[in-house]
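The values are calculated or read from the model by the stated rules, or taken from the named source; none is laboratory data. Since this is a predicted model, take the numbers as computed values, not measurements. Here Cβ is always computed from backbone atoms with ideal geometry, including for glycine, and neighbour counts include all displayed protein chains.
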Amino acid sequence: MRRTAERPVTYAVGIPVDPAETQAVQAARNGRVVLDTSAAATLALLEQGVSEQLVGHPQTITTTDQLLPDALQAKE
């Protein structure tokens with residue numbers, strides 16, 4: 001367990017990370033992220049700084065309810 005450099009200070013455990021997970025996070029940082037509506041509601045309950053740290057700074061965030069009409073139309 002180690003202290004992180006960011007403020008507020010948190011503690012992190014050196015858990016092995018799958019390279020595919022690292023690539024997915026890097027892609028999300030530079031592209032479009034789809035966020036489930038329930039996750040957005042949960043993030044809204046957190047302090048602003050905390051929710052920003054969890055979401056990060058992707059270029060765009062699309063919620064699943066925005067994609068549902070497209071999925072239904074494609075199904076037809």
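Against the definition (among the small types (Gly, Ala, Ser), modelled with pLDDT under 75, closer than 26 Å to Pro8 by Cα and in a helix (DSSP H, G or I)), how does Ala40 come out, yes or no? Here the answer is no, as Ala40 does not meet what is asked. Contact annotation: residue pairs with Cβ atoms under 8 Å, 6 or more positions apart or on different chains, pairing a residue in region 59-74 that is exposed (fewer than 10 other Cβ atoms within 10 Å of the Cβ) with a partner that is among the hydrophobic types (A, V, I, L, M, F, W, C), are Thr60/Val33. Between Glu6, Glu47, the distinction of being of a type outside the set (Gly, Ala, Ser) and either modelled with pLDDT under 75 or in contact with a strand residue (DSSP E or B) (Cβ under 6 Å, 6 or more places away or on another chain) (or both) belongs to Glu6 only.
In region 23-41, the residues that are within 16 Å of Leu67 (Cα to Cα) reach residues that are in a helix (DSSP H, G or I) with C-beta atoms within less than 7 angstrom, at least six apart or across chains, in these pairs: Val34/Thr64; Val34/Leu67; Asp36/Thr64; Thr37/Thr64; Thr37/Asp65.
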